[in-house]
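Each reported figure results from applying straightforward, stated rules to the coordinates on display, with no laboratory input. If you're wondering where the values come from, they're calculated on a predicted model, not measured in any experiment. Cβ coordinates were reconstructed from backbone atoms using ideal geometry, including for glycine residues, and neighbour counts include every protein chain displayed.
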Amino acid sequence: MSGPASTEQPDVIVVGAGPAGCAAAMAVARTAPELRVLVLDRADFPRDKPCGDGIAHEVEAELAALGFDVPRVFAGTVPVARLALRSPNGVLVHRPMPEPVHVVPRQLFDARLVRQVVERGIEVRRQPVRAVRPDAGGVAVDAGLRARVVIGADGAESVVRRSLAPSGRRLGPRPSPVALAIRGYAAEPAGRAGSGGSGGSADLADLAGSQFITMTERHWPAYAWSFPIGDGRANVGYGELLGDRPLRRADLLDRLHDLLPGLGGIDGLRAHRLPLSSGRPAIPDGPVLLAGDAQSMINPFTGEGIFYAVVSGALAGRAAAEAVTSGGDAGARYRQASRRRLGRHLAHTTAVARLGGRPGLIDAGLRAARADQRAFDDLVRFGLADGLLTGRLLRRLRFTG
């Protein structure tokens, strides 16, 4: 069924121009350059997005595979080579990461991705989306747009996701667990001067220039972070799994200061919801796909979402392009590709999340990481990319748990 002559009809519409949406758009263009892709976002860029700003090394490889100029994306940023983790009961490990990460404010990172998408010849338009209606002829978007496939990359409060589940009906068998986090920018916390040693543990005074995550048994599961951005400031924040009791902004700030004492003034404070992947909705058949936060692609172990956003966006974009050019169902293609690419990893993270009420498990994991650099590397890949619970890590857990 074709729309009226006044209806604009790109082949694929991507709703949301964050990392998931940019990855999706580039994947369509790379898979089928003849297709017209339109990206819609309610905001102009650059725009702020509450996030920890940590971008794992694996994200660079995914972006490069999509055709992004990675050196331009990270130009002027300082790589961070070390990570310190403190468990709920005070087990502390401080080691080099397998590969350095970048800490890039999302205001900068997202704008650079959007710029390269536009340079690729893809239109990015400021336009809020209010209604998405799949039908036999494709997908109608608001009153004047229609596409063969729509990819919703519009975040935790996704309008596109709501179109798939009207009247509050859930897409999956269980409600998605949700964390609430607050983030801002401050001078690196006082008392963190020093070069840091080369061993597997450190005092808090040795953590300058390192990413730092500190967990607490109170309000568990919960943690605070401090990620240096290279100019004497750090992205600092606190996140906690939402329960039955309301969680106020003042509560989040109090708990942040408790875990990171010595913080001065914090600028740019913003709170955000994190729908965790352990409750992600099933990917249905049809011409409407979800990626990134809209698909609840947040690591339930760490809260990391940028790697998932880029990977899921790329998978959705390829599935959309293949469905338009070769036929078949876009949703089925996306579901199969997601299972191949991330299925084992997501099964492992979900299993850990279901044991997340046991802080002792985290203590054991950090003791394992403190004892063995390779176990630490496995833990980092598990939390920041698509790593698995390796035999090496599990053996160490048994020996040290």
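Let a ≥ b ≥ c be the square roots of the eigenvalues of the Cα gyration tensor of region 53-188; is it rounded (a/c under 1.5), or, if not, prolate (a/b larger than b/c) or oblate? Oblate shape, in that a/c is at least 1.5 and b/c is the bigger or equal ratio. The mean of 1/r over all distinct Cα pairs in region 75-141, once inverted, gives the Kirkwood hydrodynamic radius of 16.7 Å. Counting other Cβ atoms within 10 Å as a rough exposure proxy, the listed residues 219, 57 run 219, 57 from fewest neighbours to most. Among the GluC sites (Glu not before Pro) in region 81-173, those placed in a DSSP loop whose Cβ has at most 13 other Cβ atoms within 10 Å are 157. The C-alpha atoms of the chain define a longest principal axis, and helix 373-384 lies at about 40 degrees to it.
For residue 298, the residues whose modelled amide H falls within less than 5 Å of its own, excluding neighbours fewer than 5 places apart on the same chain, are 277. Take the alpha carbon gyration tensor of the chain, find the square roots of its eigenvalues, order them as a ≥ b ≥ c, and report rounded if a/c is under 1.5; if not, report prolate when a/b exceeds b/c, else oblate. In terms of gyration-tensor shape, prolate. Using the Cβ-Cβ distance between residue 43 and residue 258 with R0 = 35 Å, the FRET efficiency computed as 1/(1 + (r/R0)^6) comes to roughly 0.55.
Contact order for region 1-66, expressed relative to its length and based on alpha carbon pairs under 8 Å spaced 6+ residues apart, stands at 34 percent. Calculated mean residue ellipticity at 222 nm for the chain: -11000 deg cm²/dmol, from DSSP H runs with n ≥ 4 weighted as -39500 (n - 2.57), summed, divided by the residue count and rounded to 500. Of the trypsin sites (Lys or Arg not before Pro) found in region 215-256, those that fall in a DSSP loop while having at most 11 other beta-carbon atoms within 10 Å are 218, 248. Amide H contacts under 5 Å for residue 289: 150, 151, 152, restricted to partners 5 or more places along the chain or on a different chain, H placed in the peptide plane at 1.01 Å from N.
Taking the C-alpha atoms only, the angle from helix 359-371 to the longest principal axis of the chain is near 70 degrees. For the chain, the longest principal axis of the Cα atoms and the long axis of helix 249-259 meet at an angle of about 40 degrees.
Does region 245-401 classify as rounded, prolate or oblate by the C-alpha gyration tensor (a ≥ b ≥ c root eigenvalues; a/c under 1.5 gives rounded; else a/b over b/c gives prolate, otherwise oblate)? Verdict is oblate for region 245-401. For region 291-384, the spread of Cα coordinates along the three principal axes comes to 52, 26, 19 Å, biggest extent given first.
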